[in-house]
Amino acid sequence: MNALTEVCLSGQTTLFETTVLFLLYSGPEVQTMTTSLHWTSADLEALPDDGKRYEIIDGELHVSKQPHYFHQLSCFEVAARLSAWSKKTGAGEVNIAPGLIFSDDDDVAPDLVWISKARLRTALGPDGHLHAAPELVVEVLSPGRANERRDRELKLRLYSRRGVREYWIIDWRARRIEVYRRDNAQLTLVATMLEPDSLASPLLPGFSCPVRDLFEGIPLVDSE
(Lines give C-alpha, C1' and ligand atoms only; values in the text may rest on other atoms or scores of the structure.)
Protein backbone atom coordinates (compact mmCIF):
# COMPACT_ATOMS: atom_id res chain seq x y z
CA MET A 1 0.00 0.00 0.00
CA ASN A 2 1.49 3.37 -1.03
CA ALA A 3 1.24 6.62 0.87
CA LEU A 4 -1.57 7.96 -1.31
CA THR A 5 -3.69 4.87 -0.70
CA GLU A 6 -3.09 5.05 3.03
CA VAL A 7 -4.23 8.66 3.18
CA CYS A 8 -7.31 8.02 1.08
CA LEU A 9 -8.36 5.01 3.17
CA SER A 10 -7.72 6.69 6.49
CA GLY A 11 -11.04 8.51 6.40
CA GLN A 12 -9.29 11.79 7.14
CA THR A 13 -9.98 13.35 3.73
CA THR A 14 -13.16 14.52 2.05
CA LEU A 15 -14.16 13.24 -1.39
CA PHE A 16 -12.92 16.49 -2.91
CA GLU A 17 -9.58 16.28 -1.10
CA THR A 18 -9.16 12.64 -2.10
CA THR A 19 -9.82 13.53 -5.72
CA VAL A 20 -7.23 16.32 -5.59
CA LEU A 21 -4.68 13.88 -4.16
CA PHE A 22 -5.46 11.47 -6.96
CA LEU A 23 -4.85 14.18 -9.54
CA LEU A 24 -1.57 15.18 -7.95
CA TYR A 25 -0.09 11.70 -7.75
CA SER A 26 -1.57 9.77 -10.64
CA GLY A 27 0.36 9.56 -13.86
CA PRO A 28 -1.92 9.21 -16.91
CA GLU A 29 -1.57 11.72 -19.70
CA VAL A 30 -5.11 12.92 -19.19
CA GLN A 31 -7.45 12.15 -16.33
CA THR A 32 -11.22 12.38 -16.43
CA MET A 33 -12.86 12.26 -13.04
CA THR A 34 -16.03 10.17 -13.11
CA THR A 35 -16.68 10.11 -9.38
CA SER A 36 -19.99 11.31 -7.99
CA LEU A 37 -18.37 14.66 -7.24
CA HIS A 38 -19.93 17.44 -9.30
CA TRP A 39 -17.18 19.93 -9.99
CA THR A 40 -17.70 23.70 -10.15
CA SER A 41 -15.55 26.72 -10.91
CA ALA A 42 -15.06 27.29 -7.18
CA ASP A 43 -13.40 23.87 -6.88
CA LEU A 44 -10.79 24.84 -9.47
CA GLU A 45 -9.47 27.49 -7.11
CA ALA A 46 -8.26 24.75 -4.75
CA LEU A 47 -6.32 22.90 -7.45
CA PRO A 48 -2.56 23.44 -7.78
CA ASP A 49 -1.00 25.80 -10.30
CA ASP A 50 1.19 23.01 -11.67
CA GLY A 51 1.16 23.64 -15.41
CA LYS A 52 -1.71 21.23 -16.09
CA ARG A 53 -4.93 22.43 -17.64
CA TYR A 54 -8.02 21.84 -15.52
CA GLU A 55 -11.41 22.14 -17.24
CA ILE A 56 -14.98 21.34 -16.23
CA ILE A 57 -17.54 20.09 -18.73
CA ASP A 58 -21.01 19.23 -17.42
CA GLY A 59 -19.59 19.08 -13.90
CA GLU A 60 -16.89 16.56 -14.87
CA LEU A 61 -13.24 17.46 -14.37
CA HIS A 62 -10.80 16.99 -17.25
CA VAL A 63 -7.07 17.34 -16.70
CA SER A 64 -4.47 17.70 -19.45
CA LYS A 65 -0.72 17.75 -19.13
CA GLN A 66 1.40 20.44 -20.76
CA PRO A 67 0.97 20.26 -24.55
CA HIS A 68 3.50 19.16 -27.15
CA TYR A 69 5.82 21.78 -28.66
CA PHE A 70 4.21 21.38 -32.10
CA HIS A 71 0.74 21.65 -30.55
CA GLN A 72 1.69 25.11 -29.37
CA LEU A 73 3.35 25.99 -32.66
CA SER A 74 0.10 25.17 -34.47
CA CYS A 75 -1.79 27.45 -32.07
CA PHE A 76 0.69 30.24 -32.70
CA GLU A 77 0.50 29.94 -36.49
CA VAL A 78 -3.30 30.13 -36.50
CA ALA A 79 -3.34 32.94 -33.95
CA ALA A 80 -0.78 34.97 -35.90
CA ARG A 81 -2.84 34.87 -39.08
CA LEU A 82 -6.13 35.58 -37.34
CA SER A 83 -4.50 38.42 -35.44
CA ALA A 84 -3.10 40.00 -38.61
CA TRP A 85 -6.54 39.85 -40.26
CA SER A 86 -8.21 41.24 -37.13
CA LYS A 87 -5.82 44.19 -36.89
CA LYS A 88 -6.31 44.97 -40.56
CA THR A 89 -10.12 44.86 -40.37
CA GLY A 90 -10.69 45.94 -36.77
CA ALA A 91 -13.43 43.30 -36.58
CA GLY A 92 -12.38 41.49 -33.44
CA GLU A 93 -9.64 39.91 -31.38
CA VAL A 94 -7.90 36.56 -31.11
CA ASN A 95 -6.70 35.15 -27.79
CA ILE A 96 -4.87 32.01 -26.72
CA ALA A 97 -6.24 29.81 -23.91
CA PRO A 98 -8.62 32.34 -22.37
CA GLY A 99 -10.85 31.31 -19.51
CA LEU A 100 -14.31 30.59 -20.92
CA ILE A 101 -16.86 30.20 -18.14
CA PHE A 102 -20.35 29.46 -19.40
CA SER A 103 -21.57 28.42 -15.96
CA ASP A 104 -20.22 27.02 -12.69
CA ASP A 105 -20.08 23.51 -14.15
CA ASP A 106 -18.98 24.45 -17.69
CA ASP A 107 -15.60 26.13 -17.25
CA VAL A 108 -13.04 25.54 -20.02
CA ALA A 109 -9.91 27.02 -21.59
CA PRO A 110 -9.96 26.59 -25.38
CA ASP A 111 -6.65 26.62 -27.20
CA LEU A 112 -7.73 29.66 -29.19
CA VAL A 113 -10.74 31.90 -29.70
CA TRP A 114 -11.72 34.69 -32.06
CA ILE A 115 -14.37 37.10 -30.79
CA SER A 116 -15.89 40.18 -32.39
CA LYS A 117 -15.45 43.50 -30.63
CA ALA A 118 -19.19 43.83 -30.22
CA ARG A 119 -19.50 40.47 -28.48
CA LEU A 120 -16.37 41.02 -26.42
CA ARG A 121 -17.95 44.07 -24.77
CA THR A 122 -20.65 41.92 -23.21
CA ALA A 123 -18.81 38.60 -22.86
CA LEU A 124 -15.73 39.75 -20.94
CA GLY A 125 -16.37 39.83 -17.21
CA PRO A 126 -14.63 41.84 -14.48
CA ASP A 127 -12.77 38.65 -13.54
CA GLY A 128 -10.96 38.75 -16.89
CA HIS A 129 -12.74 35.67 -18.26
CA LEU A 130 -15.24 35.25 -21.07
CA HIS A 131 -18.77 34.40 -19.92
CA ALA A 132 -20.46 34.01 -23.31
CA ALA A 133 -19.54 32.17 -26.47
CA PRO A 134 -16.99 33.68 -28.85
CA GLU A 135 -17.87 33.36 -32.52
CA LEU A 136 -14.95 31.02 -33.26
CA VAL A 137 -13.25 28.41 -31.08
CA VAL A 138 -10.15 26.47 -32.12
CA GLU A 139 -8.87 23.34 -30.41
CA VAL A 140 -5.62 21.57 -31.35
CA LEU A 141 -5.76 17.82 -30.77
CA SER A 142 -3.39 16.15 -28.35
CA PRO A 143 -2.76 12.40 -28.67
CA GLY A 144 -4.84 9.90 -26.75
CA ARG A 145 -8.45 8.72 -26.77
CA ALA A 146 -9.41 10.88 -23.79
CA ASN A 147 -8.13 14.00 -25.52
CA GLU A 148 -9.92 13.21 -28.76
CA ARG A 149 -13.16 12.40 -26.96
CA ARG A 150 -12.96 15.67 -25.05
CA ASP A 151 -12.42 17.83 -28.15
CA ARG A 152 -14.46 15.91 -30.74
CA GLU A 153 -17.40 14.94 -28.56
CA LEU A 154 -17.69 16.71 -25.21
CA LYS A 155 -16.47 20.13 -26.31
CA LEU A 156 -18.29 19.89 -29.62
CA ARG A 157 -21.55 19.38 -27.73
CA LEU A 158 -20.67 22.11 -25.23
CA TYR A 159 -19.80 24.72 -27.86
CA SER A 160 -22.83 23.75 -29.91
CA ARG A 161 -25.14 24.10 -26.91
CA ARG A 162 -23.62 27.41 -25.83
CA GLY A 163 -23.84 29.21 -29.16
CA VAL A 164 -20.38 29.07 -30.74
CA ARG A 165 -20.82 29.80 -34.44
CA GLU A 166 -17.76 27.99 -35.78
CA TYR A 167 -15.38 25.38 -34.36
CA TRP A 168 -12.05 24.30 -35.84
CA ILE A 169 -10.31 21.10 -34.70
CA ILE A 170 -6.67 21.06 -35.79
CA ASP A 171 -4.75 17.81 -36.02
CA TRP A 172 -1.10 18.74 -36.56
CA ARG A 173 -0.04 15.09 -36.76
CA ALA A 174 -2.44 14.34 -39.62
CA ARG A 175 -2.00 17.89 -40.98
CA ARG A 176 -5.69 18.55 -41.35
CA ILE A 177 -8.40 20.82 -40.00
CA GLU A 178 -12.02 19.87 -39.33
CA VAL A 179 -14.42 22.79 -39.71
CA TYR A 180 -17.77 22.79 -37.91
CA ARG A 181 -20.34 25.52 -38.54
CA ARG A 182 -23.64 26.32 -36.93
CA ASP A 183 -26.64 24.93 -38.77
CA ASN A 184 -30.12 24.47 -37.30
CA ALA A 185 -28.85 25.49 -33.83
CA GLN A 186 -25.99 22.98 -33.74
CA LEU A 187 -22.41 22.71 -34.95
CA THR A 188 -22.11 20.44 -37.97
CA LEU A 189 -19.01 19.23 -39.80
CA VAL A 190 -18.88 21.06 -43.14
CA ALA A 191 -15.31 20.42 -44.30
CA THR A 192 -12.13 18.50 -43.57
CA MET A 193 -9.28 20.56 -44.96
CA LEU A 194 -5.94 19.12 -46.02
CA GLU A 195 -2.66 20.78 -46.95
CA PRO A 196 -3.63 21.70 -50.55
CA ASP A 197 -6.75 23.53 -49.28
CA SER A 198 -7.16 27.10 -48.08
CA LEU A 199 -8.81 27.86 -44.76
CA ALA A 200 -11.52 30.53 -44.91
CA SER A 201 -14.72 31.37 -43.05
CA PRO A 202 -17.90 33.39 -43.62
CA LEU A 203 -17.27 34.80 -40.15
CA LEU A 204 -14.05 36.36 -41.39
CA PRO A 205 -14.64 38.09 -44.75
CA GLY A 206 -11.45 38.23 -46.74
CA PHE A 207 -9.52 35.88 -44.46
CA SER A 208 -7.76 33.03 -46.27
CA CYS A 209 -4.79 30.91 -45.34
CA PRO A 210 -3.23 27.89 -47.06
CA VAL A 211 -3.52 24.96 -44.68
CA ARG A 212 0.04 23.84 -45.43
CA ASP A 213 1.35 27.16 -44.09
CA LEU A 214 -0.08 26.38 -40.67
CA PHE A 215 2.06 23.26 -40.42
CA GLU A 216 5.25 24.76 -41.78
CA GLY A 217 8.22 23.69 -39.66
CA ILE A 218 6.33 20.71 -38.21
CA PRO A 219 7.87 17.39 -39.25
CA LEU A 220 5.74 14.67 -40.77
CA VAL A 221 4.56 12.11 -38.24
CA ASP A 222 4.02 8.48 -39.21
CA SER A 223 0.38 7.49 -38.73
CA GLU A 224 -0.14 4.85 -36.11
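I'd like to verify a number: residues in the stretch 187-212 that are open to solvent by 20 Å² or more (accessible area, probe 1.4 Å), touching a strand residue (DSSP E or B) at 6+ places or on another chain (Cβ under 9 Å) and outside any loop (DSSP other than H, G, I, E, B), how many? Qualifying residue count, the stretch 187-212: 10. Once the stretch 42-69 is narrowed to residues that are within 21 Å of L214 (Cβ to Cβ) and in contact (Cβ under 8 Å) with a residue 24 or more places away in the chain, the residue that is surrounded by the most Cβ atoms within 10 Å (Cβ to Cβ) is P67.
Within the stretch 70-98, being of a type in the set (G, A, S) and crowded, with 18+ Cβ neighbours inside 10 Å holds for S74, A79, S86, A91, G92. If only residues of the stretch 127-177 that are acidic (D, E) and open to solvent by less than 20 Å² (accessible area, probe 1.4 Å) are counted, the one that is farthest from M193 (Cα to Cα) is E135. The set of residues in the stretch 106-131 being in a loop (DSSP other than H, G, I, E, B) and within 18 Å of L156 (Cβ to Cβ) consists of A109, P110, D111.
Kindly indicate the residue of the stretch 104-116 that is out of contact with any Ser or Thr (no Cβ under 6 Å at 6 or more places or on another chain) and over 17 Å from S201 (Cβ atoms) and also surrounded by the most Cβ atoms within 10 Å (Cβ to Cβ) among those meeting that condition. Walk me through it before giving the result.
Quick first cut of the stretch 104-116, residues out of contact with any Ser or Thr (no Cβ under 6 Å at 6 or more places or on another chain) only: 106, 108-116.
This time we only want the ones that are over 17 Å from S201 (Cβ atoms), so: 106, 108-109.
Numbers: D106: 18, V108: 25, A109: 16.
Going through the qualifying residues, I end up with V108.
In this entry, L156 is excluded by the filter for residues that are in contact (Cβ under 8 Å) with a residue 60 or more places away in the chain and hydrophobic (A, V, I, L, M, F, W, C).
The values are calculated or read from the model by the stated rules, or taken from the named source; none is laboratory data. Please read all numbers here as calculations on a predicted model, not as lab measurements. A quick note on method: Cβ atoms are made from the backbone with ideal geometry, for glycine too, and the neighbour counts reach across all protein chains shown. These area figures cover heavy atoms from the full protein model, side chains too; ligands, DNA and RNA do not enter into them. Shrake-Rupley method; radii C 1.70, N 1.55, O 1.52, S 1.80 Å.
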